[in-house]
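Asker: Dumping the structure here so I can ask a few things about it.
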Amino acid sequence: MDTVFDMLSTSLTTHQSVWRSGVFFSTLLVLAVLEALKPRRPITGRGQRWINHLSLGAANIILLRLVLPGGLMAIAINVEGGGLLGWLGLSPLLSFVLALLVLDLVIYAQHVMLHKIPFLWRLHAPHHGDRTLDVSSGLRFHPAEALLSGAVKACAVVVLGAPLVAVIAFEILLSAASLFTHANWHLGKADRVLRLAIVTPDMHRIHHSRLDAETRHNFGFFISVWDRLFGTWQEAPTHGQQNMQLGLDDMPEHGLRATLIYPWAKDRK
Ligand SMILES: [Zn+2]
Ligand SMILES: [Zn+2]
């Protein structure tokens with residue numbers, strides 16, 4: 001086990017760019033093919049949405065690189081061995097697992113706060129404006145939310161003293177999970193099994209419901225246990241997966257401009 005972990009650590013830290021872009025683009029491609037072959041819900045108007053979402057995804061990557069050169073990895077290199085995990089003095093493997101769990105919990109908590117605090121909701125609402133969900137929706141985050149999320153993750157890495165390999169693995173996991181949970185792919189019975197451990201597309205779609213009560217459920221990003229543990233779990237949408245409506249009443253269009261100005265728009269409800 002330790003040998004496998006050592007090999008994985010070496011590979012991730014030595015070739016982190018290859019791992020990150022390789023997993024991201026292959027996940028995007030595979031899911032795009034799978035949802036075209038076996039869509040969960042009928043889908044139209046892919047073209048402009050994909051251009052908007054890919055533009056947002058690229059802009060957010062560039063923005064984070066400018067604000068934080070070297071990204072979370074640069075921070076992790078400086079704090080590794082310190083923080084809570086350094087104080088606990090656990091084995092590298094245990095520190096790795098614990099860091100992944102805690103970082104996922106932090107993202108869950110951040111997501112809850114994005115919905116509960118009105119100012120933060122303005123930044124997160126553009127993600128919910130999409131009236132059709134597919135794999136590209138996993139890139140639809142307002143740059144202000146991307147910056148906030150980067151700052152929260154940076155704080156968590158410092159407090160934890162998260163190992164570099166855990167931070168790289170978490171960034172890879174987070175981007176792949178974001179694509180996976182928004183996919184319009186019908187997993188069939190596999191969804192029931194997978195959701196025992198991880199967030200699935202059918203689970204996350206409920207969170208994107210037009211019904212306010214349903215958006216207050218299924219906040220998890222990767223591990224599904226947090227929603228069960230903290231009472232925010234919802235098994236199925238009220239009107240069923242096929243009939244449920246997605247999006248926000250006050251964001252009628254998918255345009256990039258509407259998405260970008262939403263947090264500051266005066267006619268917002
Ligand atoms: Zn949300
Ligand atoms: Zn989402």
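The values are calculated or read from the model by the stated rules, or taken from the named source; none is laboratory data. Not measured: the values here are computed from a predicted model. We place every Cβ from the backbone using ideal geometry, glycine too, and count neighbours over all the protein chains shown. The protein model used for the area step is the full one, side chains on, heavy atoms only, and it has no ligands, DNA or RNA in it. Shrake-Rupley method; radii C 1.70, N 1.55, O 1.52, S 1.80 Å.
Asker: I want to confirm something. Restricting to the range 131-175 and keeping residues that are over 14 Å from the mean Cα position of the chain (by Cα) and without any contact (Cβ under 8 Å) to a residue 60 or more places away in the chain, which single residue is nearest to residue 106 (Cα to Cα)?
Answerer: In this case the residue turns out to be 156.
Asker: Which one of these is in contact (Cβ under 8 Å) with a residue 12 or more places away in the chain, within 15 Å of the chain's Cα centre (by Cα) and more than 27 Å from residue 243 (Cα to Cα): 98, 64, 103?
Answerer: That would be 103, the only listed residue that is in contact (Cβ under 8 Å) with a residue 12 or more places away in the chain, within 15 Å of the chain's Cα centre (by Cα) and more than 27 Å from residue 243 (Cα to Cα).
Asker: Anything in the range 110-149 that is aromatic (Phe, Trp, Tyr), away from ligand 2 (no atom under 13 Å from the Cβ) and touching a helix residue (DSSP H, G or I) at 6+ places or on another chain (Cβ under 8 Å)? List them, or say none. I'd like the intermediate steps shown before the answer.
Answerer: First pass over the range 110-149, keeping only residues aromatic (Phe, Trp, Tyr): 119, 121, 141.
Restricting the remaining residues to those that are away from ligand 2 (no atom under 13 Å from the Cβ) gives 119, 121.
Scanning the range 110-149 gives a single hit, 121.
Asker: Is at least one residue of the range 245-252 open to solvent by 50 Å² or more (accessible area, probe 1.4 Å), polar (S, T, N, Q) and either on the phi < 0 side of the Ramachandran plot or at pLDDT 95 or above (or both)? Step through it out loud before you land on a result.
Answerer: First pass over the range 245-252, keeping only residues open to solvent by 50 Å² or more (accessible area, probe 1.4 Å): 245, 249, 252.
Then keep just the ones that are polar (S, T, N, Q); that gives 245.
Then keep just the ones that are either on the phi < 0 side of the Ramachandran plot or at pLDDT 95 or above (or both); that gives 245.
Yes.
Asker: At pLDDT below 95 and farther than 12 Å from residue 129 by Cα, is that true of residue 218? Steps first, answer last, please.
Answerer: Numbers: at pLDDT below 95: no; farther than 12 Å from residue 129 by Cα: yes.
No; evaluated as a whole, the condition is false for this residue.
Asker: Collect the residues in the range 213-226 that are within 12 Å of ligand 1 (Cβ to nearest atom) and at negative phi, keeping them in residue-number order. Break it down into steps so the answer makes sense when it comes.
Answerer: The initial filter retains those residues of the range 213-226 that are within 12 Å of ligand 1 (Cβ to nearest atom), namely 214-221.
214, 215, 216, 217, 219, 220, 221 - these are the residues of the range 213-226 that are within 12 Å of ligand 1 (Cβ to nearest atom) and at negative phi.
Asker: Which condition from (1) in contact (Cβ under 8 Å) with a residue 60 or more places away in the chain; (2) within 12 Å of ligand 1 (Cβ to nearest atom) is the one that residue 120 breaks?
Answerer: (1)
Asker: Among the aliphatic types (A, V, I, L, M), touching a residue at least 12 places away in the same chain (Cβ under 8 Å) and more than 16 Å from ligand 2 (Cβ to nearest atom): which single residue out of 196, 229, 246 fits that description?
Answerer: On the way: 229 fails: touching a residue at least 12 places away in the same chain (Cβ under 8 Å); 246 fails: more than 16 Å from ligand 2 (Cβ to nearest atom).
Residue meeting the stated conditions: 196.
Asker: Next question, about the same structure. Could you identify the single residue in 193, 167, 158 that is among the hydrophobic types (A, V, I, L, M, F, W, C), open to solvent by 60 Å² or more (accessible area, probe 1.4 Å), closer than 30 Å to residue 13 by Cα and out of contact with any Ser or Thr (no Cβ under 6 Å at 6 or more places or on another chain)?
Answerer: Working: 193 fails: closer than 30 Å to residue 13 by Cα; 167 fails: open to solvent by 60 Å² or more (accessible area, probe 1.4 Å).
Result of the check over 193, 167, 158: 158.
Asker: Follow-up question, since we're still on this one. Assess whether residue 133 counts as being of a type outside the set (Phe, Trp, Tyr) and within 16 Å of ligand 1 (Cβ to nearest atom). Working first, answer last.
Answerer: Values: of a type outside the set (Phe, Trp, Tyr): yes; within 16 Å of ligand 1 (Cβ to nearest atom): yes.
Yes: the conditions hold for residue 133.
Asker: Residue 93 versus (1) under 17 Å from residue 215 (Cβ atoms); (2) at pLDDT below 95: which is the lone unmet condition?
Answerer: Only one criterion is unmet by residue 93, namely (1).
Asker: Follow-up. Please go through (1) within 28 Å of residue 67 (Cβ to Cβ); (2) assigned to a helix (DSSP H, G or I); (3) hydrophobic (A, V, I, L, M, F, W, C) for residue 219 and return the number of the only condition it doesn't satisfy.
Answerer: Condition (2) is where residue 219 drops out.
Asker: Does the range 27-37 contain at least one residue that is hydroxyl-bearing (Ser, Thr, Tyr) and either touching a Lys or Arg at 6+ places or on another chain (Cβ under 9 Å) or loosely packed, with under 12 Cβ neighbours inside 10 Å (or both)? Walk me through it before giving the result.
Answerer: Here is the first cut: in the range 27-37, the residues hydroxyl-bearing (Ser, Thr, Tyr) are 27.
Narrowing further to those that are either touching a Lys or Arg at 6+ places or on another chain (Cβ under 9 Å) or loosely packed, with under 12 Cβ neighbours inside 10 Å (or both): none.
Looking for residues that are hydroxyl-bearing (Ser, Thr, Tyr) and either touching a Lys or Arg at 6+ places or on another chain (Cβ under 9 Å) or loosely packed, with under 12 Cβ neighbours inside 10 Å (or both), one finds none in the range 27-37, hence no.
Asker: Still on this structure: Only one of 178, 149 is open to solvent by less than 10 Å² (accessible area, probe 1.4 Å), within 14 Å of ligand 1 (Cβ to nearest atom) and polar (S, T, N, Q). Can you tell me which?
Answerer: Numbers: 149 fails: open to solvent by less than 10 Å² (accessible area, probe 1.4 Å).
It is 178.
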